[in-house]
Structures are given as structure tokens and as C-alpha cells.
Amino acid sequence: MLADKTVKWMYGYDDNERCWQPTRLVDGGESVLFRITNGGVSQELMLHVEGHSLLVVAADGDDCAPQEVDRLIIFPGERYDVVIRGLTTPSKKSYMFVVETVQYYFYDWTRIDTDYGVGFVEYEDVDLPEERSTPTFPDSPECTPEKRCTVLNCPFENYPSNFNFTCLSYDALRHPRPEEIDREILQDTAFKSGYEEHFINMHFDSHVDGFKFEFPKGMPYYHKEKMDLITKDCDNVDCPYGANKFDPRCKCFYHKKHKLNNIVQITLFNMGTGGAFTTGYAHPFHIHGTHFHVMKVGWPQYNASGMVSTMNPDIDCAGPDATCDGAVWRNKSWLNGAVPGMNTVDPSLRDTVTLPVGGYIVMRFRATNPGWWFAHCHLILHHMSGTAYAFRVGEHDEIAVPPPNFPHDCGHFSMPSVGCKSMT
């Protein structure tokens, strides 16, 4: 797929003559499928191909109805399948495949310069001159007030007006075969049975529902009757409601339980202290063991500069300085699944989506995969700090029994302190 092009440059590296540039050779008129993954630690990236549109055909390994866009923002953990259609009459031999950072401000509100990376789409069947000078990156000259560029997967509802971009939210992606979707997933009236509803506040860079997730010291499956040996139960820790983000008493094994074969609706929100303007972060939420349907995204309100001015009022959260763990719908008639504004026709499947600051996501899946699983923010520093939770699908006896020789004695230990003689 890739070849060394000799003209060198890449993200985070300033020496244009020494770095390696990936190049994809194409024929005129040929369509090429790229699977694009962000395997990074913390930065979302925006990508585009000079002179070409992007046709998104899948996300996180699930097909979607083809969606044409000009640019794509991709967060750590996300995967997109994108078709790039080769030009029938290219005007030059090579076109840049550009990746750039999206973060605009540092924590102290100073402007951060944009970093770029570049590859090339090269037409091998044309005899045209090739540009070999150092790449330059002007401010999107092809995007104008009259012809704004469409950007898929912004972590906010839209760019400020001084950017010539129009955002397309990830919930605009559609399932390509809606007739295959479980009919109960699409139900828009209150459920009477076979349904469970969870509200989860993912806030600060370290908390879920007020707790900092702490990994167990052994495998939960093998400690059914002795979980206290490997975990700290969140019901038994002295974590005060509204504790600050640095309170060590809030570390525990935070987990949920889902009944096997239930429809599970999770409303993930990012509100109150640690989830508002200046205190919150957009979290790429990733869940293991299942894919979910994106039913709805609730955005906050923004001012003219694109900053969050008011959290979304649908969640009963008193304000940016309030502790909103345990909050539910402000309108209680929305409980049990009767949420207006959901896509109950063709919601796409995902396993990673970005939770906006001051907003929420409604997702649904049928709990058909018994076992212990993990859900977390895919910004690794947030994940390591505790922005995560575990969940069990099914009762213990409904989980497949591991083979008798499966290693399971490892893990039940305490880390020695730094400098301890046992480490040498």
C-alpha cells in the first residue's frame, strides 16, 4: 500500500529532508479504500486529501450509509473506512494527504500552533510535474464563506463563523440496512419490561459518577465470592458527594450490571463541576464487548466565539458549579426510553464516540455478550486517572466457563513501593 517517496516530512518532526512520507499510488479514476485509525494518546486529528472529497463508508468496523465530507476529525480509538475517488483528469502528479491537530488553546488560553503531518496520493499513470519543495499549509483556501467545507465528527456542534467549516455530527451517519436493526432498539415509547436505563456522568479528566476507577487486582470471574480481596467496593469507600478531583478516597472498582438479553440504554453526560466550560473535556468514550446504536446527541449552547455558554438543559443539572452525579432527565416523562428526538429509523453502530462538554449521548444495545467488560475514555491519561467503569453482562453462571487450564492465579498482589528492596 505504501511506498517511500524520499521527500520527507511528518507530524511533530521539523526536518523536511529526513522524515518519511507515506505515499499511495493510484490510477486516474480509481477508488481507494483507506482504513484510518487514531492510535494516539491524547490528540484528536483532522485529515483531508488535497483536491479530493472523502466518502465515509464505515466507522469502528461497522458499515454506514456512504457519507461524503471534505474533512474528518478522528479521536484516539476511533476507526473510519474512507473511500478516496481518484480524479479522472488530475492536474498534477501528487496530492497531499494532510493530518493536523485540532486543539486551538492551551490550558492557560494561549493559542497553540497547529502541527501537521503529510502523506501523498500519487497518480502513477500521468506524466505531470511533481512538487518537491517543503510542504506549506495555508488556512484551507478551498473552504470559503460561499462554499464551506463539511467536517465530520467535530467535538462541538459547529465551528465559529470565522472558520469556513460546517460540522456534521457523528450521529448523522446512518445504518445502511435499517431492516436488520433489532426492532426494540428503535422503540420510542416507554418500555414495560426487558429494558434498563443508566445515566453516567463522565467528568473532569479522572471521574465517572464521582468515582475514580481503580482496576481490580485479580480477575472478577474467579473471585465471585471474594471480590473484597481484589477490589474496593464503591459503596464502602468514604468518597463524599461532590468531592474534588484529587480526593484519593474516591478510588474504587466502579461497575455496572446488565441483565442478559435486556435492551440497555445509557445516557452518558458531561456536566456540572468537571463537565462545564473551563473544567470539562470532550471524552472519546469506548466500550468493550459490544457495539451500540447512537440514538441521539444533545449539545450545549455556544456563544459567538464557539465557547460553551449553557449546558444542555435536558439533564437535570443545576449548573456548571453543581455536582450532577446521579442526575436524570429534567422531564421525567422521558424516562424508560421515551426520549424525543432519537433516531428511531436508522441509527448507526459504533463502539467509540465523543462526549461533548456540557452535553450528552443516548446509546442503546442489546446485552447479548455475557462476561466482564470495560468502558473508558480513550484519552489514555484520562483512562489512567480513572475515567472508566467495568460492567458485567449476565449473572455469573451465564458467563461461559473458561477452560480448566486458563491462567487465573496471576494478578492478586499489591505493587511494592518505589525503592523497595523486593524490586531489585
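The values are calculated or read from the model by the stated rules, or taken from the named source; none is laboratory data. Keep in mind it's a predicted model, so treat the numbers as computed, not measured. Positions of Cβ are backbone-derived with ideal geometry, glycine not excepted, and every protein chain shown enters the neighbour counts.
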Exercise for the section: Please state which one of G306, G289, G275, G298 is farther than 16 Å from D171 by Cα, modelled with pLDDT of 95 or more and small (G, A, S). Expected result: G289
Handout entry: Test: residue in the range 233-241 that is surrounded by 18 or more Cβ atoms within 10 Å (Cβ to Cβ), in contact with a Phe, Trp or Tyr (Cβ under 6 Å, 6 or more places away or on another chain) and assigned to a loop (DSSP other than H, G, I, E, B)
Key = no
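Could you run through the range 146-195 and say how many residues are loosely packed, with under 13 Cβ neighbours inside 10 Å and either under 22 Å from G298 (Cβ atoms) or of a type in the set (A, V, I, L, M) (or both)?
Taking the range 146-195 as the starting set, the residues that turn out to be loosely packed, with under 13 Cβ neighbours inside 10 Å are 146-147, 161-162, 177, 179-180, 183, 189, 192-194.
After this cut, where a residue has to be either under 22 Å from G298 (Cβ atoms) or of a type in the set (A, V, I, L, M) (or both) as well, the list is 189.
Residues meeting the conditions: 1.
So is P320 surrounded by 14 or more Cβ atoms within 10 Å (Cβ to Cβ), modelled with pLDDT under 95, under 24 Å from V208 (Cα atoms) and assigned by TED's automatic domain parsing to the domain that holds D182 or not?
For P320, the condition - surrounded by 14 or more Cβ atoms within 10 Å (Cβ to Cβ), modelled with pLDDT under 95, under 24 Å from V208 (Cα atoms) and assigned by TED's automatic domain parsing to the domain that holds D182 - is met.
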Practice task
Sort out which residues of the range 368-385 are modelled with pLDDT of 95 or more and either over 15 Å from T352 (Cβ atoms) or assigned to a strand (DSSP E or B) (or both), and write them in order of number.
Solution key: T368, N369, P370, G371, W372, W373, F374, A375, H376, C377
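Within the range 350-372, restricting attention to residues that are under 19 Å from Y195 (Cβ atoms) and among the hydrophobic types (A, V, I, L, M, F, W, C), which residue is surrounded by the fewest Cβ atoms within 10 Å (Cβ to Cβ)? Explain how you work it out, then say what you get.
Quick first cut of the range 350-372, residues under 19 Å from Y195 (Cβ atoms) only: 360-370.
Next, only the ones that are among the hydrophobic types (A, V, I, L, M, F, W, C) stay: 361-363, 365, 367.
Details: I361: 25, V362: 26, M363: 24, F365: 23, A367: 21.
Among them, the one singled out is A367.
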Handout entry: Positions within the range 244-277 being surrounded by fewer than 18 Cβ atoms within 10 Å (Cβ to Cβ) and part of a loop (DSSP other than H, G, I, E, B), in sequence order
Key = N244, K245, F246, D247, K259, L260, N261, F277
Practice task
Filter the range 105-124 for residues that are surrounded by 18 or more Cβ atoms within 10 Å (Cβ to Cβ) and among the acidic types (D, E) and give the result.
Solution key: E122
